[in-house]
Amino acid sequence: MKRILVIALFLASFSAFAQNANDKQAILNLLEKQRADWNKGDVEAFMQGYEKSDSLLFVGKNGPTYGWQKTLDNYKKRYPDKSAMGFLVFGIKKVDFLKPDLAFVLGSWNVKREKDELKGYFTLLIKKIKGEWKVVADHSS
């Protein structure tokens with residue numbers, strides 16, 4: 001009986017690890033797609049990585065913004081064209097799972113433009129919604 005229990009616990013922990021690894025890769029793929037969309041100059045495609053909801057929270061240097069559309073509008077105002085968007089690079093520092101469907105991501109961002117360079121850090125809450133990982137809160141500085 002003990003042997004069966006030990007095997008069952010091992011299989012359960014291995015299954016959780018495999019799920020965690022798959023979800024981590026899905027989150028990294030989401031962030032890579034956002035980076036690639038940004039570098040194409042496509043803010044609308046970049047925003048598909050965010051939850052399309054009025055409860056989306058984006059916190060930047062001007063304080064909090066609520067809502068997907070308002071966040072998109074702010075991005076379009078600050079980055080009106082591909083040259084203003086520049087070339088984006090992420091440095092992912094960690095991905096921690098708070099729950100099976102909720103992850104915390106810490107990373108850095110760097111945007112190189114023709115005449116200047118912007119950089120900072122971000123923290124994200126990313127939630128699995130209807131089988132897809134979406135950013136539900138973004139604090140970028």
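Assorted remarks:
- Treating each Cα of the chain as one equal point scatterer and applying the Debye formula with no solvent, the log10 of I(q)/I(0) at q = 0.15 Å⁻¹ comes out as -0.75.
- Under 14 Å from the residue 53 label point (7 Å along Cα→beta-carbon), backbone N, segment 117-134: 125-134
- For the cross-link pairs 61/119; 82/112; 76/112; 61/99; 33/94; 93/119, the ones whose C-alpha atoms lie over 22 Å apart are 61/99.
- Fewest-first ranking of 109, 38, using other Cβ atoms within 10 Å as the exposure measure: 109, 38
- Between helix 68-78 and the chain: long-axis angle, C-alpha atoms, 0 to 90°, nearest 10: 40
- For residue 69, net neighbour charge (Lys/Arg +1, Asp/Glu -1) across residues whose Cβ lies under 14 Å away: 0
- For segment 53-141, the list of GluC sites (Glu not before Pro) that fall in a loop by DSSP and count at most 16 other C-beta atoms within 10 angstrom reads 114.
- The ranking of 92, 129, 27 from fewest to most other beta carbons within 10 Å of each one's beta carbon is 129, 92, 27.
- Residue exposure sequence - 50, 79, 121 - by fewest surrounding Cβ within 10 Å: 121, 79, 50
- 12 Å reach of a label modelled at residue 108, 7 Å along Cα-to-Cβ, counting backbone N of segment 65-99: 89-93
- Residue list for segment 112-128, given a label point 7 angstrom along the Cα-to-Cβ vector of residue 61 and an amide N cut-off under 12 Å: 117-121
- FRET efficiency, 1/(1 + (r/R0)^6) with R0 25 Å, evaluated for residue 39 and residue 78 via beta carbons: 0.95
We did not get these values from a lab; they are worked out from the coordinates using the rules stated. Since we're looking at a predicted model, the values are computed, not measured. No Cβ is skipped: glycine too gets one built from the backbone with ideal geometry, and neighbour counts run over all protein chains shown.
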